Amino acid sequence: MKLIREKSPAKCILGILALLALLPGSVLAQGSIFGLVHNADLSVPPDGTVEFIGFLRNTDNEIRIQSCIGAGYEIGFWYDDFQNYGDEAVGIQYRYYFFNRMNNQAALLSDNIPNNSYERQDVTLAPTDFPAPAQGLAGIKLGDESVRLDWIPEDGVTWHVYRRTGSSGGSFLRVDNPSGNRSDPGLDQPFYVDNNVDFGGCYSYTLVTESTFGDYSPASAIVEVNLASCCQGQVGDVNGLHGDEPTIGDIALLIDYLFINFTEPPCLAEADVNQSGGLNPERANISIVDIAILIDHLFINFVPLPLCTDAG
């Protein structure tokens, strides 16, 4: 597994520049890239206004954005690290798209990875028409090993879909076209079903919108989908308040859910006491039988409840 390098904030970069003058060329290797960012009028964009997307070899099979570990924009400087890509090497092409949505300005930076430790590339934005990022991105799990993403439709654009493991904080990998072939404009419908996930995994997704002219948007908001079951230990903690031990409050919530206010419990897998719906039950799997089992467990025969993992 490749180590993700996390750099210091941009305020350290000026000190780095001073140190570089003392280093012989023989110790340098491909590493960080950074630079100043200016608007078209040479003003400095405030923190939080500059977004970017970067990828290598003119393919977007792997992208990095400003919120990835080791990347960012602070106090007028943008920064990233080539070594946080999965397949970086000296001499291959890199491309970064920069955006300032506050003034509709953007820029493209393209060059080859140099054989040095710190590459400075200043960027000046210019007024540009670029598509807006996708809005309303939401994800749900479908069964044990599928995720469905939906977002707000928009005419005249397509979408690229990217994913990373939820806890990584690193690069995103394109899943609608894993080769990253940029001649493929992506999806023309506002949904995607990802069948290449594992039960128990946690995944983060983002979208990039592409216009009919081939222009890219900033990355959308990131959505996280957790395929692990919300059920922990044994079943029956319907209200989620008492850890692994059901109480009369759980029975009351089930009665309310089925017959009174129909308020859905926080975890259906805990409410599906007889596990009729497996690891991912639906509303139809919750019934009066589940209430009866809880009553029996708490007040009559004290029969132990099944473990959540027994549903698998």
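Read the figures in this text as sums done on the coordinates, not as results from a lab. Nothing here was measured: the structure is a model prediction, and the numbers come from that model. Quick reminder, even Gly has a Cβ in these numbers, built from the backbone with ideal geometry, and neighbours come from all protein chains shown.
Just checking the listed ones, Arg64, Arg164, Arg182: in the Gaussian network model of the chain with Cα springs under 10 Å, the one fluctuating most is Arg182. Taking amide H as placed 1.01 Å from N in the peptide plane, Asp81 has its amide H under 5 Å from the amide H of Ile33, each at least 5 places away in sequence or on another chain. Kirkwood-type hydrodynamic radius, the chain: 22.5 Å, calculated from all non-identical alpha-carbon pairs.
On a full-extension model of 0.36 nm per residue, what is the gain between Asp111 and Ile152, subtracting their alpha-carbon distance, rounded to one decimal in nm? If you can, show how the numbers build up before the last one.
Numbers: separation 41, 0.36 × 41 = 14.76 nm, distance 3.47 nm.
Stretched fully, the Asp111-Ile152 segment lengthens by 11.3 nm.
Exposure proxy for Ile92, Ile293: other Cβ atoms within 10 Å of each Cβ, ordered fewest to most, give Ile92, Ile293.
Fewest-first ordering of Glu270, Glu282, Glu210 by other beta carbons within 10 Å of each residue's beta carbon gives Glu282, Glu210, Glu270. Extension gain for Ile288-His242 works out to 14.4 nm (0.36 nm per residue, less the C-alpha to C-alpha distance). Extension gain, Cys230-Val303: 0.36 nm per intervening residue step, less the Cα-Cα distance, totals 24.0 nm. Extending 7 Å from Cα along the Cβ direction at Ser43 and again at Ala132 yields two label points whose distance is 2.2 nm.
Using a 10 Å cut-off around each Cβ, can you sort Val175, Val123, Val44 from fewest to most neighbouring Cβ atoms?
The fewest-first ordering by Cβ neighbours comes to Val44, Val123, Val175.
Each DSSP beta bridge with both residues in the chain is either parallel or antiparallel, and the antiparallel ones are about 90%.
Summary value for the chain: 14 percent relative contact order, contacts being C-alpha pairs under 8 angstrom separated by 6+ residues.
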